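What follows is a set of notes on a single structure, which appears directly below.
The values are calculated or read from the model by the stated rules, or taken from the named source; none is laboratory data. Source: prediction; values computed, not measured. Heads up, the Cβs are rebuilt from the backbone with ideal geometry, glycines too, and the neighbour counts pull from every protein chain shown. What goes into the accessible areas is simple: the full protein's heavy atoms, side chains included, and nothing from ligands, DNA or RNA. Shrake-Rupley method; radii C 1.70, N 1.55, O 1.52, S 1.80 Å.
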Amino acid sequence: MVAKITNYGTIITELHAPDRQGKNQDVVLGFDHLEPYLTKHPYFGATVGRVANRIAKGRFELDGKTHTLAINDGPNHLHGGLKGFDKMRWKAEPQAGAAVKFTYTSPDGEEGYPGALAVSVTMTLTEANELRIDYLATADQPTPVNLTNHSYFNLAGSGDVLGHELWIAADHYTPVDETRIPTGEIKSVKGTPMDFTSPQPIGSRFVQLHVKPVGYDNNFVLNSGGKGLALAARVREPKSGRVLETYTTQPGVQLYTSNFLDGSLTGKQGFAYRQHCAFCLETQHFADSVNHPNFPSVILRPGQTYSHATVYKFTVT
Ligand code: BGC
């Protein structure tokens with residue numbers, strides 16, 4: 001495999017994985033050079049933080065104090081705000097083997113978040129065709145933290161992903177309102193289009209979702225409960241035989257099927273990125289956890305260490 005990663009947003013710009021004939025193909029969306037990454041794009045390949053996903057109305061209470069954050073998604077805060085970790089220049093240091101450690105210190109008050117947060121993201125390409133991402137963070141004040149990687153995968157390397165077969169190790173999901181904020185319920189996937197407990201083509205139940213733009217943009221509650229590194233999802237692309245397994249220590253995964261892409265962004269090799277041409281498996285804590293005491297907590301306190309890992313492993317069938 002080949003991985004190319006930039007210190008701007010720690011963006012994975014290229015990820016080449018073999019098909020069943022051994023032929024390598026770039027399987028992530030992105031751009032050929034830096035400039036388009038500096039303009040508006042939907043977080044292609046980036047580390048997202050300080051808090052990935054949505055926070056209702058950009059408000060939360062912590063230890064009796066109300067905090068207000070940048071609003072950048074309708075009425076809500078999304079993916080760290082106007083200038084999140086995806087738009088920061090990180091320090092890059094090579095590690096032993098095929099690995100790079102990226103570090104960034106988010107200052108107190110950045111995008112409205114309390115306390116300074118020192119973050120490291122180490123990306124390692126292993127001999128087992130895995131891209132492993134290790135996240136560490138410490139804070140000097142209590143603060144919410146929820147880090148993820150926002151890679152857009154297409155295991156065929158082109159076309160749409162509707163026929164990719166997806167399995168998710170989740171018996172439950174978190175239903176959302178019309179602004180995609182969780183209602184707080186943890187619902188069974190049984191009998192719903194959220195049921196990926198047996199492999200299903202990604203696009204086979206889009207019509208049952210009754211959302212616009214159509215497609216998945218949902219958080220799944222992983223059966224592992226975020227206890228240890230566990231298999232969260234498997235995606236198989238029938239033609240190439242490529243299989244992507246996602247392992248994570250996180251309790252949730254947001255499945256996003258690039259519903260908002262509309263062909264107006266031109267990516268690598270001149271490809272127009274159309275709706276449903278990729279899927280994201282954003283391993284993370286649930287959206288708006290700061291406002292739902294029944295969800296696993298995202299609060300990091302001084303003296304504690306935030307530590308999570310996600311592994312994207314490529315095989316073939
Ligand atoms: C969100 C989508 C959003 C996309 C790109 C996903 O994580 O769930 O609603 O459009 O990121 O910003």
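Couple of notes before you dig in:
- Test result for residue 218, open to solvent by 10 Å² or more (accessible area, probe 1.4 Å), within 13 Å of the ligand (Cβ to nearest atom) and not in a helix (DSSP H, G or I): yes
- The numbered conditions (1) away from the ligand (no atom under 16 Å from the Cβ); (2) open to solvent by 10 Å² or more (accessible area, probe 1.4 Å); (3) among the hydrophobic types (A, V, I, L, M, F, W, C) are all true for residue 119 except (2).
- Some residue of the range 78-86 being within 14 Å of the ligand (Cβ to nearest atom), assigned to a helix (DSSP H, G or I), closer than 30 Å to residue 166 by Cβ and among the hydrophobic types (A, V, I, L, M, F, W, C): yes
- Residue within the range 178-187 that is of a type in the set (A, V, I, L, M), within 17 Å of residue 278 (Cα to Cα) and either open to solvent by 50 Å² or more (accessible area, probe 1.4 Å) or more than 13 Å from the ligand (Cβ to nearest atom) (or both) present: no
- Some residue of the range 280-288 being more than 16 Å from the ligand (Cβ to nearest atom), modelled with pLDDT of 95 or more and either basic (Lys, Arg) or over 22 Å from residue 37 (Cβ atoms) (or both): no
- Search result, residues across the range 162-177 that are open to solvent by 20 Å² or more (accessible area, probe 1.4 Å), within 16 Å of the ligand (Cβ to nearest atom) and under 20 Å from the mean Cα position of the chain (by Cα): 173, 176
- Among residues of the range 8-56, those that are open to solvent by 10 Å² or more (accessible area, probe 1.4 Å) and more than 16 Å from the ligand (Cβ to nearest atom), counted: 18
- The range 250-264 residues that are at positive phi, paired with ones that are open to solvent by 20 Å² or more (accessible area, probe 1.4 Å) and within 11 Å of the ligand (Cβ to nearest atom) (beta carbon under 9 Å, 6 or more apart): 258/42
- Where residue 91 falls short, out of the listed (1) within 19 Å of residue 151 (Cα to Cα); (2) away from the ligand (no atom under 14 Å from the Cβ): (1)
- Selection of strands (runs of 3 or more DSSP E) fully inside the range 235-309 by the criterion of at least 1 residues being charged (D, E, K, R) and surrounded by 14 or more Cβ atoms within 10 Å (Cβ to Cβ) returns 242-248, 280-284.
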